[in-house]
Amino acid sequence: MSAETDAQADRIRDALLSRLSTVPVARDELTRQLGVPAQVVLAALIELELAGRVELLPGAQVCLSWPET
């Protein structure tokens, strides 16, 4: 990946995190809000899920992960 691509991926992940809460939201809605291709949003969400930041839920929903207690 180039530095420009890395920076774009960081911006998309940051934009996703700023729009999420612990209340589930549709992935399609996030895609509409960001105005980027669905595969880009899904790739960023998968990266965030692997990092433990979000949860991908049934029904194409996503939310922030609950903090560990």
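The values are calculated or read from the model by the stated rules, or taken from the named source; none is laboratory data. If you're wondering where the values come from, they're calculated on a predicted model, not measured in any experiment. Backbone-built Cβ (ideal geometry, glycine too); neighbour counts: all protein chains shown. To get the accessible areas, we keep the full protein, side chains included, count just its heavy atoms, and leave off ligands, DNA and RNA. Shrake-Rupley method; radii C 1.70, N 1.55, O 1.52, S 1.80 Å.
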Discussion item. Which residue is surrounded by the most Cβ atoms within 10 Å (Cβ to Cβ), if the candidates are limited to region 29-69 and must be modelled with pLDDT of 95 or more and among the charged types (D, E, K, R)?
Written reply: GLU55
Worksheet item: So which residues in region 40-56 are over 22 Å from PRO67 (Cβ atoms) and either over 11 Å from the mean Cα position of the chain (by Cα) or small (Gly, Ala, Ser) (or both)?
Response: ALA43
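Would you check which residues across region 1-36 are assigned to a loop (DSSP other than H, G, I, E, B) and either closer than 16 Å to LEU64 by Cα or without any contact (Cβ under 8 Å) to a residue 24 or more places away in the chain (or both) and list them?
Residues of region 1-36 assigned to a loop (DSSP other than H, G, I, E, B): 1-2, 20-24, 35-36.
Of everything in region 1-36, those that are assigned to a loop (DSSP other than H, G, I, E, B) and either closer than 16 Å to LEU64 by Cα or without any contact (Cβ under 8 Å) to a residue 24 or more places away in the chain (or both) turn out to be MET1, SER2, LEU20, SER21, THR22, VAL23, PRO24, GLY35.
Just to be sure, is ALA26 open to solvent by less than 60 Å² (accessible area, probe 1.4 Å), touching a helix residue (DSSP H, G or I) at 6+ places or on another chain (Cβ under 6 Å) and either modelled with pLDDT of 95 or more or of a type in the set (D, E, K, R) (or both)? Talk me through it step by step, then tell me what you get.
Working: open to solvent by less than 60 Å² (accessible area, probe 1.4 Å): yes; touching a helix residue (DSSP H, G or I) at 6+ places or on another chain (Cβ under 6 Å): no; either modelled with pLDDT of 95 or more or of a type in the set (D, E, K, R) (or both): yes.
For ALA26, the condition - open to solvent by less than 60 Å² (accessible area, probe 1.4 Å), touching a helix residue (DSSP H, G or I) at 6+ places or on another chain (Cβ under 6 Å) and either modelled with pLDDT of 95 or more or of a type in the set (D, E, K, R) (or both) - is not met.
From the residues in region 1-16 that are in contact with a helix residue (DSSP H, G or I) (Cβ under 7 Å, 6 or more places away or on another chain) and hydrophobic (A, V, I, L, M, F, W, C), which one is surrounded by the fewest Cβ atoms within 10 Å (Cβ to Cβ)? If you could, list the steps in order and put the result at the bottom.
Within region 1-16, the subset in contact with a helix residue (DSSP H, G or I) (Cβ under 7 Å, 6 or more places away or on another chain) is 9, 12-13, 15-16.
Those still in the list that are hydrophobic (A, V, I, L, M, F, W, C) too: 9, 12, 15-16.
On the way: ALA9: 15, ILE12: 19, ALA15: 17, LEU16: 22.
Among residues in region 1-16 that are in contact with a helix residue (DSSP H, G or I) (Cβ under 7 Å, 6 or more places away or on another chain) and hydrophobic (A, V, I, L, M, F, W, C), the one surrounded by the fewest Cβ atoms within 10 Å (Cβ to Cβ) is ALA9.
Which of the residues belonging to region 57-68 are within 11 Å of the chain's Cα centre (by Cα) and among the polar types (S, T, N, Q)? Quick ask: steps written out before the conclusion?
Our first condition is that a residue be within 11 Å of the chain's Cα centre (by Cα); within region 57-68, this holds for 61-64.
Scanning region 57-68 gives a single hit, GLN61.
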